[in-house]
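The values are calculated or read from the model by the stated rules, or taken from the named source; none is laboratory data. Because the structure is predicted, anything quoted here is derived from the model rather than measured. Cβ atoms come from the backbone with ideal geometry, glycine included; neighbour counts cover every protein chain shown. Areas reflect the complete protein model, heavy atoms only, side chains present, ligands, DNA and RNA absent. Shrake-Rupley method; radii C 1.70, N 1.55, O 1.52, S 1.80 Å.
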Amino acid sequence: MAAALVVAAIVVFGARWLVGLDSVAEWMDKYPGDYEPPAFVDEGFPWWARWTHFLNFFFMALIIQSGLRVRQQQKPPAVWQPKKGGKKISINLWLHTYLDVLWIVNGALFIIMLFASGHWARIVPTSWEVFPNALSAALQYASMDWPAENGWVNYNSLQQLTYFIVVFIAAPLAIITGLRMSEWWPKKADKLNKIYPAPLARKLHFPTMLFFVAFILGHVFLVFTTGMLKNLNHMFAGTPAEGWGGFLWFAGALFLTIGALFATRPLLIAPVASKFGTVSPR
């Protein structure tokens, strides 16, 4: 803990010294942290963006929990087998797999609406200026003189690059590594299995989960520290107006997610799993 505080102090003071240099200050005036979005991008967050955002958080919380259970289990509390027969898997793995499917469906709907609406330019860079502006925004965050927030209209470039990586790199990587380890991957595809071996997928899958955890923690931290009510109103209430509406929606969403985390214990989900296959003691 002490070492982390020392490193953080070095980063902050180093960034403050750097942005205090005249040449760097002039460069940051040219690249303030964001660039003008395309004219076709509407302000605000449409209903589909808000709902898929909540469902993404909801499913991701359950996926992380069930994934850790799969990783840590010595002996599964129960096993699940398809009704037509097949390999038995732990009930924790069954839950993790089916939650993955729901998460993928939600993500696919988000991607479809993203490009159908023109909202894609919110998270897909449309100018090479995104890179110097992202560096400028990173320096501002590091120096504790944070960039101006106007998420209703435009993300800063560091946010944009981060969201792009999450949606178009990390999420597909989680999917293809998870699929490789699942029972749905073809077992007799020798050439394909040699090109993409299961041990490689395992080495990539867990770090990808850790990336999502780090992103969620950082995302929530910045939501609360850069204007909590404003940010929650944007994404949960769909309005730039002041008030507690977004916070109340967020509180309800958080309550529902926490309740689901408690409810998805193996013994409680067994009746649900039994509707899709056979659940039996290990």
Give me the pairs, please: first residue somewhere in the stretch 44-72 and farther than 24 Å from residue 151 by Cα, second residue anywhere and among the small types (Gly, Ala, Ser) and outside any helix (DSSP H, G or I), beta-carbon distance under 8 Å, and either six or more positions apart or on two chains.
70/90
Restricting attention to the stretch 117-131, the residues that are open to solvent by 80 Å² or more (accessible area, probe 1.4 Å) and free of Cβ contacts under 8 Å to residues at least 12 places away in the same chain number exactly 1
Does the stretch 60-74 contain any residue that is within 18 Å of the chain's Cα centre (by Cα), of a type outside the set (Lys, Arg) and open to solvent by 30 Å² or more (accessible area, probe 1.4 Å)?
yes
Matching option when the condition is among the hydrophobic types (A, V, I, L, M, F, W, C), open to solvent by less than 70 Å² (accessible area, probe 1.4 Å) and either under 19 Å from the mean Cα position of the chain (by Cα) or over 29 Å from residue 69 (Cα atoms) (or both), among 161, 210
161
Taking the condition of being open to solvent by less than 30 Å² (accessible area, probe 1.4 Å), among the hydrophobic types (A, V, I, L, M, F, W, C) and under 10 Å from residue 34 (Cα atoms), how many residues in the stretch 134-152 meet it?
2
Would you confirm whether or not the stretch 107-122 contains a residue that is in a helix (DSSP H, G or I), among the β-branched types (Val, Ile, Thr) and within 29 Å of residue 67 (Cβ to Cβ)?
yes
Specify which of the listed residues (230, 203) is basic (Lys, Arg) and exposed (fewer than 15 other Cβ atoms within 10 Å of the Cβ).
203
Here the qualifying pairs (Cβ atoms under 8 Å; residues six or more apart or on different chains; first in the stretch 253-272 and open to solvent by less than 40 Å² (accessible area, probe 1.4 Å); second among the polar types (S, T, N, Q) and assigned to a helix (DSSP H, G or I)) come out as 264/65; 264/66; 266/92
Looking at the stretch 88-103, can you tell me whether even one residue there is open to solvent by less than 50 Å² (accessible area, probe 1.4 Å) and not in a helix (DSSP H, G or I)?
yes
Scan the stretch 261-274 and tell me whether some residue there is charged (D, E, K, R) and under 16 Å from residue 99 (Cβ atoms).
yes
Considering only residues that are surrounded by 12 or more Cβ atoms within 10 Å (Cβ to Cβ) and more than 24 Å from residue 82 (Cβ to Cβ), which ones fall in the stretch 183-196?
196
Which one is modelled with the highest pLDDT among residues in the stretch 240-252 that are over 24 Å from residue 62 (Cα atoms) and open to solvent by less than 40 Å² (accessible area, probe 1.4 Å)?
245
Please work out if residue 167 is in contact with a Gly (Cβ under 9 Å, 6 or more places away or on another chain) and crowded, with 16+ Cβ neighbours inside 10 Å.
yes
Can you confirm whether residue 109 is open to solvent by 60 Å² or more (accessible area, probe 1.4 Å), in contact with a helix residue (DSSP H, G or I) (Cβ under 9 Å, 6 or more places away or on another chain) and modelled with pLDDT of 90 or more?
yes
Assess whether residue 221 counts as being under 19 Å from the mean Cα position of the chain (by Cα), open to solvent by 60 Å² or more (accessible area, probe 1.4 Å) and at pLDDT 90 or above.
yes
Within the stretch 21-48, of all residues that are surrounded by fewer than 19 Cβ atoms within 10 Å (Cβ to Cβ) and of a type in the set (Gly, Ala, Ser), the one farthest from the chain's Cα centre (by Cα) is 23
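State yes or no: is residue 180 exposed (fewer than 14 other Cβ atoms within 10 Å of the Cβ), touching a helix residue (DSSP H, G or I) at 6+ places or on another chain (Cβ under 8 Å) and of a type in the set (Lys, Arg)? Walk me through how you get there before you give the answer.
Numbers: exposed (fewer than 14 other Cβ atoms within 10 Å of the Cβ): no; touching a helix residue (DSSP H, G or I) at 6+ places or on another chain (Cβ under 8 Å): yes; of a type in the set (Lys, Arg): yes.
No: the conditions fail for residue 180.
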